[in-house]
Amino acid sequence: MRLVFYKPEQIPKIWQYAEPLFLRVIDKAVHGEFDIVDLYRMARDGKVVVCLVWEGDEVVMATAIEFVYYPKATAANVLAMGGRDLKKVLDKFFEPVKQFCREAGADWITCSVSRAMERIHKRNGLHTIYRSMRMEL
């Protein structure tokens, strides 16, 4: 398996591999914040970084990371992550992703997740800070 981070100009060439995994995440876990076209545009325009984990010629995980700049800190927000064998892939590649985020200037990694994903991420050292709530207007 190999982990590859893509530059904005590479997105059109690799999107066909990332899109099916991101579509499953958007259909299941995104609640109106963005759709697949928005995610493609953000990646192509450099607003998110896409990384893929390849196993041979197959993509087994796709991740989109958005950097959020606060006055006193920078967060690497995992906007979308989908694939198979998450535990195996995260065990192997979470440290390199953390290093990438550090080198890009992030002070921490954040994500909005379901309770099931919260349990998975806790195994990798993430902890709950906020509970997100919403009211439709």
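Among the conditions (1) assigned to a strand (DSSP E or B); (2) open to solvent by 100 Å² or more (accessible area, probe 1.4 Å), the only one that Thr110 does not satisfy is (2).
Restricting segment 11-41 to residues that are at pLDDT 95 or above and among the β-branched types (Val, Ile, Thr) leaves a set whose member that is most open to solvent (accessible area, probe 1.4 Å) is Val37. Screening Phe94 on (1) of a type in the set (Phe, Trp, Tyr); (2) free of Cβ contacts under 8 Å to residues at least 12 places away in the same chain; (3) surrounded by 15 or more Cβ atoms within 10 Å (Cβ to Cβ) shows it passes everything except condition (2).
Keeping to segment 75-100, report how many residues are of a type in the set (S, T, N, Q) and within 12 Å of the chain's Cα centre (by Cα). Show your work before the answer.
Filtering segment 75-100 for residues of a type in the set (S, T, N, Q) gives 77, 99.
When the remaining residues are screened for being within 12 Å of the chain's Cα centre (by Cα), the result is 77.
Qualifying residue count for the region: 1.
Among (1) open to solvent by 80 Å² or more (accessible area, probe 1.4 Å); (2) at pLDDT below 95, where does Lys72 come up short? Every condition holds for Lys72 apart from (2).
Close Cβ contacts (under 8 Å, 6 or more residues apart or on different chains) running from residues in segment 1-22 that are under 16 Å from Arg41 (Cα atoms) to residues that are open to solvent by 70 Å² or more (accessible area, probe 1.4 Å) comprise Pro8/Arg44; Pro8/Asp45; Ile11/Arg44; Pro12/Arg44.
The values are calculated or read from the model by the stated rules, or taken from the named source; none is laboratory data. This one's a predicted model, so the numbers in the text were calculated from it and none came from an experiment. Heads up, the Cβs are rebuilt from the backbone with ideal geometry, glycines too, and the neighbour counts pull from every protein chain shown. All accessible areas refer to the heavy atoms of the entire protein, side chains included, with ligands and DNA or RNA removed. Shrake-Rupley method; radii C 1.70, N 1.55, O 1.52, S 1.80 Å.
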